[in-house]
1. Just the residues that are part of a helix (DSSP H, G or I) and in contact with a strand residue (DSSP E or B) (Cβ under 8 Å, 6 or more places away or on another chain), please, taken from the stretch 104-114.
2. Any idea which residue in the stretch 53-69 is modelled with the lowest pLDDT, counting only those that are more than 16 Å from residue 120 (Cβ to Cβ) and surrounded by 14 or more Cβ atoms within 10 Å (Cβ to Cβ)?
3. Of (1) touching a helix residue (DSSP H, G or I) at 6+ places or on another chain (Cβ under 8 Å); (2) at pLDDT 80 or above; (3) outside any helix (DSSP H, G or I); (4) under 25 Å from residue 54 (Cβ atoms), residue 117 satisfies all except one. Which?
4. What about residue 126, is it touching a strand residue (DSSP E or B) at 6+ places or on another chain (Cβ under 6 Å) and modelled with pLDDT under 90?
5. Which condition number does residue 86 fail, the rest of (1) buried (at least 19 other Cβ atoms within 10 Å of the Cβ); (2) at pLDDT 85 or above being met?
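The values are calculated or read from the model by the stated rules, or taken from the named source; none is laboratory data. Treat the numbers as computed from the prediction; the structure is a model and nothing was measured. Don't worry about glycine lacking a Cβ; one is built from the backbone with ideal geometry, like all the others, and counts go over all protein chains shown.
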C-alpha cells in the first residue's frame, strides 16, 4: 500500500512538472496564487510554496517571513461560502499534519519556537475573489495549540 502511495505521489509531481493539472488542482493553484499575492501586498516575503516533507508526509502551502517571524500558511478555499466558510476545513487531523510539517521545517531552518507563527488564509473564488488572513499567535513549544492551529 505504501508503494502505491509513493507511485501516486510521483505521478502527481510529474503532472505538476508538465503543468497537466486536474481541474481541482488548477482551482487550488489559483487560490494559492491569490493568497500569495495578498500576503505579499501585506508585507510577507514568500520563501517557499507547497513544501512537502516525505518523512512526516505533510505539506505546507506557503512559508514566508513577516515581522521577524517564520510564518507557515495554510490556504483554504471555497467556490462560495454558501454551505461552509473555508476556515471550517481546519480540522484536528489537518492541524496535526501541519504541526508535524512545521516542526520538520523548523528543525531544518534551525528556528526557535519563538520565531514561528501559523496563519490561515481563506479564499472565496467568487467574482471578485475574497481573500482573508487569519494571523495566529506564535507557535508554542511542545506542540500546544495557538489561536489558529
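1. So in the stretch 104-114, the residues part of a helix (DSSP H, G or I) come out as 104-109, 113-114.
Selection gives 104, 105, 106, 109, 113, 114.
2. So the first thing to find is which residues in the stretch 53-69 are more than 16 Å from residue 120 (Cβ to Cβ), and the list is 53-57, 65, 67-68.
Among the residues that remain, those that are also surrounded by 14 or more Cβ atoms within 10 Å (Cβ to Cβ) are: 53, 56, 65.
Values: 53: 89, 56: 85, 65: 94.
Applying the filter and picking the extreme gives 56.
3. (1)
4. Values: touching a strand residue (DSSP E or B) at 6+ places or on another chain (Cβ under 6 Å): no; modelled with pLDDT under 90: yes.
The answer is no for residue 126.
5. (2)
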